[in-house]
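Okay, structure first, notes after.
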Amino acid sequence: MNQINKLFVLRHGKAAAGFSCPDFERELTDKGRRHAALVALWMLDNIHIPEIIICSPAQRTMQTAAIVANVFDFEPNQIIQHPEIYNASRQELLAVLAEYTHRFSRILLVGHNPGVESLVEYLCPELNYSLILQPTSLACLTSDDSWDQLERGSAQLTELVHSKSLT
């Protein structure tokens, strides 16, 4: 019997407007920090606990990942930065996930739009609407396929949580 893999796809929290610094260095707003903590607490309450967090090295994704990791009481080595995740396409995100085949069955991916939306829509084409992942929206997916075998339609969206609904 195949192991069920769980992928949690989280768009980073609300970031400050990018007029005063490069996009890569934009930080979370206070609202973004609060919403990241709310989503992390929701994950904990619903027993959606990843084994690792993989994220872009952009400041806002690292801050989002750190807030979630703090709620889970993770060790620093449970957050792994991947430069490829910054502005990644769906194919690039799939390649990053493939690196974890047979190593982890529960992964939290913290990334950016449009890549994270595209990834979820590709893996779950049964969605009959255009998916919108607002800042700190979380898509919970399951799949019987290993990370390196993910393809169109190989996952099921089990829950979609928008941080605004948790306030």
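Here are the numbers for this structure:
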| quantity | calculated |
| --- | --- |
| Test: Leu10 is modelled with pLDDT of 95 or more, under 18 Å from Thr158 (Cβ atoms), of a type outside the set (S, T, N, Q) and part of a strand (DSSP E or B) | yes |
| Search result, residues across segment 138-167 that are in a helix (DSSP H, G or I) and either surrounded by fewer than 21 Cβ atoms within 10 Å (Cβ to Cβ) or aromatic (Phe, Trp, Tyr) (or both) | Trp147, Asp148, Gln149, Lys164, Ser165, Leu166 |
| Where Glu117 falls short, out of the listed (1) under 11 Å from the mean Cα position of the chain (by Cα); (2) surrounded by fewer than 22 Cβ atoms within 10 Å (Cβ to Cβ); (3) not in a helix (DSSP H, G or I) | (3) |
| Hits in segment 93-106 (condition: free of Cβ contacts under 8 Å to residues at least 40 places away in the same chain, over 14 Å from the mean Cα position of the chain (by Cα) and in a helix (DSSP H, G or I)) | Ala95 |
| Set Ser137, Ser146: member being over 24 Å from Met62 (Cβ atoms), touching a residue at least 12 places away in the same chain (Cβ under 8 Å) and polar (S, T, N, Q) | Ser146 |
| Answer residue from segment 68-101, given it is within 18 Å of Cys140 (Cα to Cα) and in contact with a strand residue (DSSP E or B) (Cβ under 9 Å, 6 or more places away or on another chain) and is surrounded by the most Cβ atoms within 10 Å (Cβ to Cβ) among those | Val68 |
| Residue that is of a type outside the set (Gly, Ala, Ser), in contact (Cβ under 8 Å) with a residue 40 or more places away in the chain and not in a helix (DSSP H, G or I), where the choices are Leu109, Leu127 | Leu109 |
| Residue in segment 21-33 that is farther than 21 Å from Ser154 by Cβ, of a type outside the set (Gly, Ala, Ser) and under 15 Å from the mean Cα position of the chain (by Cα) present | no |
| Lone qualifier among Leu138, Leu127 - being under 13 Å from the mean Cα position of the chain (by Cα) and not basic (Lys, Arg) | Leu138 |
| The listed residue being at pLDDT below 95 and under 13 Å from Arg106 (Cβ atoms), out of Ile53, Ile4 | Ile4 |
| Every residue from segment 38-62 that is surrounded by fewer than 21 Cβ atoms within 10 Å (Cβ to Cβ), under 21 Å from Ile80 (Cβ atoms) and of a type outside the set (D, E, K, R) | Leu44, His48, Ile49, Ile52, Pro57, Gln59, Met62 |
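The values are calculated or read from the model by the stated rules, or taken from the named source; none is laboratory data. No experiment lies behind these values; they were computed from the predicted model shown. Here the Cβ is made from the backbone with ideal geometry for all residues, glycine too, and neighbour counts use every protein chain on show.
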